[in-house]
Each structure stands twice: as C-alpha cells, then as structure tokens.
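All remarks here apply to the structure that follows.
The values are calculated or read from the model by the stated rules, or taken from the named source; none is laboratory data. Since we're looking at a predicted model, the values are computed, not measured. Using ideal geometry, Cβ is built from the backbone for each residue, glycine included, and neighbour counts are taken over all protein chains shown.
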Amino acid sequence: MTLSTYLLKLMGGRILTALAVLVGVLQILDLLDVTTEILDRQLGAQGVAYYALLRLPRLIEQAAPLAVLAGALFAFGKLAGDSAVTAMRSTGISAYRITFNAMPAALALAILQLAIGMAIAPRTDARLSEWWQQSTPEDPAKVVDPVTFRVGDELVVAVPRDPDGRSLEKVTIYRRDAEGRLVQRTTAQAAVYDDKVWRLVEPRFETLGTASVAQGAARSMDWTRNLTPGDIRTLSMGQTSVTPAEASRALAGGLSTRPRTFYDTQLQRTWAAPMACIVMLLLAAPSALANFRGGGATIVVQCLAAGLLFLVFDGAFTALGENGAAPAILAAWAAPVMFAAFGATMLLYREG
C-alpha cells in the first residue's frame, strides 16, 4: 500500500464515520419532532422510515462540513499520536504533501454535497411535501389563511383551497410600474390553472390614473404562466428551503416571497457551500503537526475552534447577503476564502 493510498483510506474512513454519527444524531433529533404526528396519521413505522429516507439527503448536506472537520481532526490526530508524521517528515515528506494526499476525501464529499443540493434534495423535498400533504387529514372547519407572494412585478394575495395547488380563491393582484408605484388592482373570485396558464374568473380591474380611477370587468382572463401548482403547494405548506432552480425562476419573474437579494445569495451559495468541506480540511491540517507529549492537544482545540468559527462567519455573511446588506458574491464567498487562507497560513507557519 502506497503512502497516498494509506492517507486517503485513513482520512476517508474517519470522515465517513463522523458523517454517519452526525447524520444519525440529526436524524434522531428530527424524528423526535415528527414521529408522534406521523403515527397519529396512521402511517406506522413504515411512514417513519419513509420520512427518514426522504430527509436523509438534506441531513447529509448539513452534516458534511462538520464531518470533514471531525474526521480530519481524528485522522491527523492519529498520525501525530503514532509519530507517523514525524517519521514521514524525516524522509522528506512535508505536511503540505500529507494534506494534499488527504484532499480527495474532502473533495469527494464536497462533490456529493453539491450533487445533493442541486439534484437530489430538490426531488426528495418535493416528494416529501407531496406525501405529507396527501397524508394530512381533512378538516372542513379549518381556516385557510391567505398567502402573499410576488410574480414578476405583481404582488398577489390569495387563498389556496385546492390541495393540488391548481386553484386560488379571493385573488387580489397589485400591479406596479418600473418605479414600484401602484398602477392597477385586480380582484377575482378565483384563479384556475389550466393548460399551463392561470385564468382569472370574473376579474374586476381598477386602474389608477393621474387624477382618476378607471374600472372594468371581464368573465375570464389569462393571467400568468410563471406560476405552477407546485409553487402554490409550497406556499400553503410554508416551506422555507429554496432550490437553485426555484431561485433562478424567482429572478426570472417567477414566484418569489423574499427580496431579490435573497435569491441572488442562494444561487451563489449553491456553489460556495460545498467549498466548506475543503476549508474544514485546511483548518484541521495543522493538527497533523501536533506534539501530544508537549501540549499539542491545544492545537487540536484551536483547529476545532477555527472550524466552528468558520460556520458562524459563513452564516453571518450569508444573512447579510440575503437581506441586501452585502453583495451576494461577497456574502457567499467571503468566509470560505478568508478561512481557507487562514488555514493555509497556519499550516505554513507550523511547517516553518
């Protein structure tokens, strides 16, 4: 077995073990919140298992960076504790080469995280929403609250009655000009989705002029193609996660419930988030040079603290971008670039 193979096997094994533990903990905490409701819906143990399966991709995506940090610390700590790093350095193998040989394990998990975020999780989230909606017991007395959203430049307030998301009731549409001023209000008894277009039933119009209000009415009218039944189901269930495809549609004039800066940041985060796995490996790399006989455990604690601090900064920058306080590209990439540079600098310092 070559050195690179040994390091990759050691790092990969530790990262996968850490990932399994973290995902298991997150899965248990998640199931504690929903198991009672699943059983109340008469779905049984099979329903619990199905829910856990559909939630698994999102949990892997959330746990991936911490799994790399924990796994790398365990792997580098083992090498340092067994004096393997000292032996390798005596033969001319630097800490940079050790880190480079361990990098494919973190890179593989980063690619998996990217695939989950872009392709796998959006599908499992949609399936979970449909399954949850179908198993929800009907309550005729339940009051359905109206939802508010944007479609392009229009603000819409409506009540979603159909579980399939193909109809809306008590629809009010506020149309604005390029400067954001109200120019028209449209009210309709209902809006129905048919042949990939929404049609308003008995709409009434109030158009605002400079000194007057013009009124009108019609039996029916085509409204928009930028809204899908899936969008309405998502709104009625109050989902908060946004997929890259949904963010792109929102920026192109589709359904949106948040500021434009939020969707800009989410698109940047799609590519920036998997970089956290690489950053975590770089932050953990200095622990390979720890001398446990001379108080080297302090270095491991510092590496762990740096990784946790990275998560705090990454979340803070993302929040700034979503609220428009910082440019989207800066909000998504600032923390990964800063902490990757910090990890590389610490490795250079420790290597001397």
- Query: Does any residue of segment 269-279 turn out to be surrounded by 14 or more Cβ atoms within 10 Å (Cβ to Cβ), farther than 30 Å from Pro163 by Cα and charged (D, E, K, R)?
  - Reply: yes
- Looking only at segment 165-182, decide whether some residue is touching a strand residue (DSSP E or B) at 6+ places or on another chain (Cβ under 9 Å), more than 24 Å from Phe262 (Cβ to Cβ), of a type in the set (Gly, Ala, Ser) and without any contact (Cβ under 8 Å) to a residue 12 or more places away in the chain. no
- Message: I'd like the full set of residues that are β-branched (Val, Ile, Thr) and free of Cβ contacts under 8 Å to residues at least 24 places away in the same chain, limited to segment 194-227.
- Response: Val201, Thr210, Val213
- Query: When only residues in segment 163-180 that are among the charged types (D, E, K, R) and closer than 14 Å to Thr234 by Cβ count, which is surrounded by the fewest Cβ atoms within 10 Å (Cβ to Cβ)?
  - Reply: Asp164
- Could you figure out which of (1) in contact (Cβ under 8 Å) with a residue 24 or more places away in the chain; (2) surrounded by fewer than 20 Cβ atoms within 10 Å (Cβ to Cβ) isn't true of Arg233? (2)
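Residues are listed down the side, and each one gets a yes or a no for (1) assigned by TED's automatic domain parsing to the domain that holds Gln42; (2) in contact with a helix residue (DSSP H, G or I) (Cβ under 8 Å, 6 or more places away or on another chain); (3) modelled with pLDDT under 90; (4) of a type in the set (Gly, Ala, Ser):
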position	(1), (2), (3), (4)
Pro146	no, no, yes, no
Pro163	no, yes, yes, no
Thr172	no, no, no, no
Arg175	no, no, yes, no
Glu179	no, no, yes, no
Val183	no, no, yes, no
- Could you list, in sequence order, all residues of segment 244-267 that are among the polar types (S, T, N, Q) and buried (at least 20 other Cβ atoms within 10 Å of the Cβ)? Ser256, Thr265, Gln266
- Query: Quick check: is even one residue across segment 129-152 without any contact (Cβ under 8 Å) to a residue 24 or more places away in the chain, charged (D, E, K, R), touching a strand residue (DSSP E or B) at 6+ places or on another chain (Cβ under 7 Å) and not in a strand (DSSP E or B)?
  - Reply: no
- Note on the structure: Of the residues in segment 71-117, those that are in contact (Cβ under 8 Å) with a residue 40 or more places away in the chain, surrounded by fewer than 19 Cβ atoms within 10 Å (Cβ to Cβ), more than 30 Å from Leu56 (Cβ to Cβ) and among the aliphatic types (A, V, I, L, M) number 2
